[in-house]
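Report on the structure given below.
The values are calculated or read from the model by the stated rules, or taken from the named source; none is laboratory data. Just so you know, these numbers come straight off a predicted model, no measurement behind them. Heads up, the Cβs are rebuilt from the backbone with ideal geometry, glycines too, and the neighbour counts pull from every protein chain shown. Note: accessible area is taken over every heavy atom of the protein model, side chains too, but ligands, DNA and RNA are not part of it. Shrake-Rupley method; radii C 1.70, N 1.55, O 1.52, S 1.80 Å.
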Amino acid sequence: MASSRSRRVEYDRFIPVRSAMDMDFARCALTMPSRPQRDGSIESPSSAAYQKLLVQCILKNRSRIFAFKSAPESPADKVCQFDEDNRPHKKQQRRIPKDPDRVLAAYDIIDDDRLNLLDWGSNNVLAIGLNDTVYIWNAANKSGTKFSRALENNSPVTSISWSPDGKVLAVAFGNSDLDLVDAATGRLLVGIQGDSHSFVCSLAWRSNAILTTGKSDGSVVDYDIRKDDRAICDYKGHRLEVCSLKWSELFGRYLASGGKDKLVHIWDARMAVANHHPCQHQLLHKISNHTSTVRAFDWCPTRSNLLASGGGRNDHCIKFWNAANGVCLNSIDTGSEVCALLWDKNKSELLTSHGFPNNQLTLWNYTSMTRKTELFGHSSRVLYLAGSPLGGVVASAAEDETLKFWNVFETPKPPKPKANTMPFAQFSVIR
């Protein structure tokens, strides 16, 4: 009977099929001696062992010569076999070092939850305020310098903030003065004298020209550093010190403020102002869900209307807000004071710093809000956090007078260069 590759042919079980037989095995089985020698000689043990090994290894202990049906299909033809390289691999979890990558001394740092003494600019330069001096640390070449201002009363630094382009550093002092310093030369560009009854606690740049300040008397003021009459707008709502300010993005729509009065205010810069107060922005949402000072909050970098805020010693909670309607989306009790809060710019992760009892840094997965890791190293509450503009590294400072650098966030991969489909597109004339 003829066979084809497309279908399997069944044979008669009583008639042997020559095409299905192994003729080499049949010839070997017929000629191999299986009985004692006729001359009466005895087969040597080595020869018997060889014959046994031959049957096992070569002949596979087969005994049949005839074949009455085609051989069954090999299981290897039906079951997909995976070698080690083709097996699906589980995604390896990122390893987060438990110890800081670098530790610097931060002598005379002030432990005051109203102040903001640490900022990392887009120029990859870190600034920290230590008493009446601002120290500059360049992360690229690991070099440090200091900017010191001669004051009669040696007024301490109360807040610092880099402009979005990293060219100007804003420094506020306890005597209510505000200085804008050229980052390249250290030269004073603009000096703003404030009221003697209040000082600047927090700073936030809306653009390279508009700087927002939060003061100890609860006032929030916009300054245009290009104008002679620099105060252009104010925000009324807080009764006590404004501990933190954050714009939702560059040229952002929403401004968030938190203070010692346990309130979070959200302002919409696009809302129309009242006719009788043309220089005063109207309050969009007044949030009073926290039960302690609110100094820790940050806007989500991927969702412009999502705000995360953290409460102080008597609160312990992280809350998430929809800035458009003021609704609380989630609330998590962390078990300790939330001193600072920072979103990862490249991934849905959130880093918080805490106070008593553990003074730890906690990395959270968003939106599940499960703890991914906890970092211990400070011996007092960690009031200040700042993230590298390159991603990956976060700096933390505490009253224990140390500035620590942690490789906590995932370092973003450099984008792949786009293939140039038109190799001569950069030339206007082809010769």
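Does any residue of the range 309-320 turn out to be free of Cβ contacts under 8 Å to residues at least 24 places away in the same chain, within 21 Å of Thr370 (Cα to Cα), assigned to a strand (DSSP E or B) and not hydroxyl-bearing (Ser, Thr, Tyr)?
yes
I need the full set of residues from the range 362-390 which are surrounded by fewer than 16 Cβ atoms within 10 Å (Cβ to Cβ), farther than 25 Å from Ile109 by Cα and touching a residue at least 40 places away in the same chain (Cβ under 8 Å), in order please.
Met369, Leu390
If we scan the range 127-142, do we find a residue that is in a strand (DSSP E or B) and touching a Pro at 6+ places or on another chain (Cβ under 8 Å)?
The answer is yes; a qualifying residue exists.
Can you name the residue in the range 208-233 that is open to solvent by 10 Å² or more (accessible area, probe 1.4 Å) and of a type in the set (Gly, Ala, Ser) and, of all such residues, is farthest from Thr293 (Cα to Cα)?
Among those residues, the one meeting the criterion is Ala209.
Name the residues in the range 312-330 that are farther than 16 Å from Lys262 by Cβ, under 22 Å from the mean Cα position of the chain (by Cα) and open to solvent by 10 Å² or more (accessible area, probe 1.4 Å), would you?
Asn322, Leu329, Asn330
Collect the residues in the range 108-126 that are assigned to a loop (DSSP other than H, G, I, E, B) and of a type in the set (A, V, I, L, M), keeping them in residue-number order.
Of everything in the range 108-126, those that are assigned to a loop (DSSP other than H, G, I, E, B) and of a type in the set (A, V, I, L, M) turn out to be Ile109, Ile110, Leu115, Leu117.
Working carefully through the options Gly258, Gly252, find the one that is part of a loop (DSSP other than H, G, I, E, B) and either in contact with a Lys or Arg (Cβ under 8 Å, 6 or more places away or on another chain) or at positive phi (or both).
Result: Gly252 is the single residue among Gly258, Gly252 that is part of a loop (DSSP other than H, G, I, E, B) and either in contact with a Lys or Arg (Cβ under 8 Å, 6 or more places away or on another chain) or at positive phi (or both).
Cβ-Cβ under 9 Å, sequence separation 6+ or interchain: first residue in the range 156-167 and more than 18 Å from Leu383 (Cβ to Cβ), partner among the hydroxyl-bearing types (Ser, Thr, Tyr). Which pairs?
Pairs that qualify, where the first residue is more than 18 Å from Leu383 (Cβ to Cβ) and the partner is among the hydroxyl-bearing types (Ser, Thr, Tyr), are Trp162/Ser122; Ser163/Ser122; Ser163/Ser207; Pro164/Ser122; Pro164/Ser207; Asp165/Ser122; Gly166/Ser122.
Restricting to the range 391-412, count the residues that are open to solvent by 40 Å² or more (accessible area, probe 1.4 Å) and in contact with an Asp or Glu (Cβ under 6 Å, 6 or more places away or on another chain).
2
Are any of the residues in the range 178-197 polar (S, T, N, Q), within 22 Å of Thr293 (Cα to Cα) and either open to solvent by 50 Å² or more (accessible area, probe 1.4 Å) or not in a strand (DSSP E or B) (or both)?
No - not one qualifying residue is present in the range 178-197.
Can you pull out the strands (runs of 3 or more DSSP E) entirely within the range 367-408 that have at least 1 residues that are at pLDDT 95 or above and within 19 Å of Gly144 (Cβ to Cβ)?
The qualifying strands (runs of 3 or more DSSP E) are 384-387, 393-397, 402-407.
If I filter the range 234-246 down to residues being open to solvent by 20 Å² or more (accessible area, probe 1.4 Å) and not in a loop (DSSP other than H, G, I, E, B), which single residue comes out as farthest from Ala308 (Cα to Cα)?
Asp234
Which is closer than 16 Å to Val221 by Cα and at pLDDT 95 or above, of His265, His290, His281?
Result of the check over His265, His290, His281: His265.
Just for the range 331-361: of the residues that are buried (at least 19 other Cβ atoms within 10 Å of the Cβ) and touching a Lys or Arg at 6+ places or on another chain (Cβ under 6 Å), which one is farthest from His290 (Cα to Cα)?
Looking at residues that are buried (at least 19 other Cβ atoms within 10 Å of the Cβ) and touching a Lys or Arg at 6+ places or on another chain (Cβ under 6 Å), I get Asn359.
Are any of the residues in the range 142-159 at pLDDT 95 or above and either within 22 Å of Ala256 (Cβ to Cβ) or charged (D, E, K, R) (or both)?
Among the residues of the range 142-159, at least one is at pLDDT 95 or above and either within 22 Å of Ala256 (Cβ to Cβ) or charged (D, E, K, R) (or both), which makes the answer yes.
Tell me yes or no: at least one residue of the range 297-305 is within 27 Å of Ser396 (Cα to Cα) and free of Cβ contacts under 8 Å to residues at least 24 places away in the same chain.
yes
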